[in-house]
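In what follows, a single structure is set out as structure tokens and then discussed.
Values quoted throughout were computed directly from the atomic coordinates according to the rules given, and no laboratory measurement underlies them. Nothing here was measured: the structure is a model prediction, and the numbers come from that model. Positions of Cβ are backbone-derived with ideal geometry, glycine not excepted, and every protein chain shown enters the neighbour counts.
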């Protein structure tokens, strides 16, 4: 396929569109053509352990969306939607190694995928280029970046792809703010555990002054990731990597080793650890409410 135009090299060049400008234009065109097919959901809030979770389920008025959920979660050997990605869903180039692509079936608006141009497995170790790509997006636009390290960690595709959702999703349970608010004040680079979370994990405080330079920010993320891996005894360069979830905001990096994909029949990915869970119907949400989100996350995570 013909490569899309690269992103603006400098935020100072205001005449060029930002990544979110390009994404907005791509979204409008993809909705008009039908290439983008959002999944309509309802949502409810569940508080557990002082943390408010948002639980989404497929709207009872959107039967087509149930089929879309099946499409997303059904893993088909040999099928790779990212090699190449649909031109109508491709937003921009991001350096030499990645493309920015729309999630074809988004539950969250402006959900972006940072996809490697050539095939790399989702279980392969994250590279310097991966961290730089993620840093470029978070540095420019904030929000929440995340990575599902393999199918056991909730990845629906085997081709390496990092993900990003905007900051305004935090109000509906897709941000780290509610999870980290009880953490003590720490210096940049310091590792810490959350006293209320009963599973293995590591938070790393990030240097908020590093985001202006994507190379420096990428190096910061890579160093923080390696330190978090060491804290939870996860080999940072193994190929394949053991399953894990990675979440990154401008302030914090969170790493969680995984032991299984599902609690009962509910799949959990990185956004669960940011307070956002997804189920298929109301019956599942009632079971989740009865068990409690923290118990659900503990069931799919490595024990502390």
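Could you say whether any residue in the range 97-105 is part of a loop (DSSP other than H, G, I, E, B), within 13 Å of the chain's Cα centre (by Cα) and either more than 17 Å from residue 236 (Cβ to Cβ) or touching a residue at least 24 places away in the same chain (Cβ under 8 Å) (or both)?
Within the range 97-105, the first condition is being part of a loop (DSSP other than H, G, I, E, B), and the residues that meet it are 97, 103-105.
Remaining after also requiring within 13 Å of the chain's Cα centre (by Cα): 103.
Then drop every residue that is not either more than 17 Å from residue 236 (Cβ to Cβ) or touching a residue at least 24 places away in the same chain (Cβ under 8 Å) (or both), which leaves 103.
Yes; the residues of the range 97-105 include at least one that is part of a loop (DSSP other than H, G, I, E, B), within 13 Å of the chain's Cα centre (by Cα) and either more than 17 Å from residue 236 (Cβ to Cβ) or touching a residue at least 24 places away in the same chain (Cβ under 8 Å) (or both).
Considering only the range 202-225, how many residues are touching a helix residue (DSSP H, G or I) at 6+ places or on another chain (Cβ under 8 Å) and over 29 Å from residue 96 (Cβ atoms)?
Matching residues across the range 202-225 total 2.
Condition check ((1) in a loop (DSSP other than H, G, I, E, B); (2) under 19 Å from the mean Cα position of the chain (by Cα)) across all residues:
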residue	(1), (2)
195	yes, no
212	yes, no
221	no, yes
224	no, yes
240	yes, no
257	no, yes
260	yes, yes
273	no, yes
287	no, no
